[in-house]
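Take a look at the structure set out below.
The values are calculated or read from the model by the stated rules, or taken from the named source; none is laboratory data. Every value quoted in this text rests on a predicted model; they were computed, and no experiment measured them. In this analysis, Cβ positions are derived from the backbone assuming ideal geometry, glycine residues included, and neighbour counts consider all displayed protein chains.
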Amino acid sequence: MNTQQNQTPQDTEKLKEIPKWTRKYAQNRTLTNLAFMAINLLFIVAIGGLSLLAGIASKTGHPILSCVCTVVLIAVLILLFIVGIPKFGGVKIWRWIDRRIYGQEGIASIPEPELMKKKKWLGYVVAIIFGSCVMGSVFLGGKYNLPIKYMQPISAIYLVPFMTFLYFWQRPKVSPILLLWPILYAIHAILIVAGVPILFTGNFTGLNMFLPTFGYGVLTFTIGHIYSRYALKKLKGIARLEGEAANGA
């Protein structure tokens, strides 16, 4: 018996959804992003901790310890450069982590967007502008002693456009769910400017930048991961349907 004769119109429509759910699944394999966020957090802690320790050691008369911390700090910065720059191994490391996490589910990827292929220079220009904005905000904050409560809203001025650019730059390789990160970050900044009491004080002031930056990122990637599980479940259901139709042929 022909396979098509065993399929109802509803089954046929479901089979047509395979490309859609495959794309959604590939777009939302975000556990790799979460792993990279954890790696970046470790780098931030290491760089900040070593810088602080080197300064304290120098002021308290421990030059050897200060030199050791400085050497280790340079090594960490070189490693960060290797991990962060695709040309120097960043892509290979990303792919290795992706295989370790999703190895049992196979390979699922979307070709590199045409915009990224044709205008790679644009990505470098935006990255330079973004880096300049980060350094500029830190410099101005220190020089003019800007209140800590305004640091997150100030960072939103350049961080929200940058994250939004990254989405459109990588589309359709990434999911629209990623826009949730800059949206939440912008809302957070607006609430602070409006005077809503969501700021941390005292020893917890560092959380005013940490939570919006990493917290909303983790939330966004977690939602993406959950959606990828839903898309995978849909694909498995369609695969079973196709298998049953083939067995009945």
Over segment 123-140, the set of residues within 21 Å of the chain's Cα centre (by Cα) and polar (S, T, N, Q) is S132
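Confirm whether K117 is surrounded by fewer than 11 Cβ atoms within 10 Å (Cβ to Cβ), modelled with pLDDT under 85, of a type in the set (D, E, K, R) and not in a loop (DSSP other than H, G, I, E, B).
Working: surrounded by fewer than 11 Cβ atoms within 10 Å (Cβ to Cβ): yes; modelled with pLDDT under 85: yes; of a type in the set (D, E, K, R): yes; not in a loop (DSSP other than H, G, I, E, B): yes.
Taking the combined requirement at face value, the residue satisfies it.
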On the basis of being out of contact with any strand residue (DSSP E or B) (no Cβ under 9 Å at 6 or more places or on another chain), surrounded by fewer than 19 Cβ atoms within 10 Å (Cβ to Cβ), at pLDDT 90 or above and aliphatic (A, V, I, L, M), does I238 make the cut? no
If a residue must be at pLDDT 85 or above and more than 30 Å from G103 (Cβ to Cβ), how many such residues does segment 30-53 contain? 1
Sole residue being more than 20 Å from the chain's Cα centre (by Cα) and not β-branched (V, I, T), chosen from K143, K120, K92: K143
Working carefully through the options L146, L199, L179, find the one that is in a helix (DSSP H, G or I) and either modelled with pLDDT under 85 or of a type outside the set (F, W, Y) (or both). L179
